[in-house]
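See structure below.
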Amino acid sequence: MAKMATDEIKRWMEIAKSKIKYSEHPRLKYFHGCVIVDKHGNVISSGGNKNSLPKDVLEIEKILGSSKVGSIRFDSIGRIHAEVEAFYNLNLDHRLIRGSTLVVYGESKAGTVVKSRPCANCMRLAEYFRVSRVIYSNTKNTITIEDL
Ligand SMILES: [Zn+2]
């Protein structure tokens, strides 16, 4: 359900936007930045999308185990999403992110803000870590807030 974005949410979105500089540029069509905000409102991790897949990202699969999220394939399209990098940078500490908020910003190569709802894999990852809210940029410079 769409709700009004508070100044705090706008601030988080600005931080997420600043993370697109960590996106690898050469072949990407869209640049995404992501921050994880803990239940106290502190930004505790961030990431940008990457074309390449760092070898150590495979560690994520080890940490997650295979049964519940075994269908999540981080290497399925040969690139890493901003959300995955943010989870990875957090070192996947479950306790830290319980009740947290995932904030995702995205824009095209031309600099147009795009809808940045996490993909099905990233949504499953968010649910797995008990993230309680996802906030993402949307077209027409709007922000969408979804409770999980
Ligand atoms: Zn994704």
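Please treat every number below as a calculation from the coordinates, not as lab data. Bear in mind that the values here come from a model prediction, so they are computed numbers and not experimental data. With ideal geometry, Cβ positions are generated from the backbone for all residues, glycine too; neighbour counts draw on all protein chains shown.
Taking other C-beta atoms within 10 angstrom as a stand-in for reagent exposure, SER108, SER46, SER116 fall in the order SER108, SER46, SER116, fewest first. Summarising the label geometry, the points placed 7 Å from Cα in the beta-carbon direction at LYS10 and GLU127 lie 3.3 nm from one another. Judged by the mean number of other Cβ atoms found within 10 Å, the most tightly packed of the peptides 6-17, 122-133, 137-148 leads the ranking 122-133, 6-17, 137-148.
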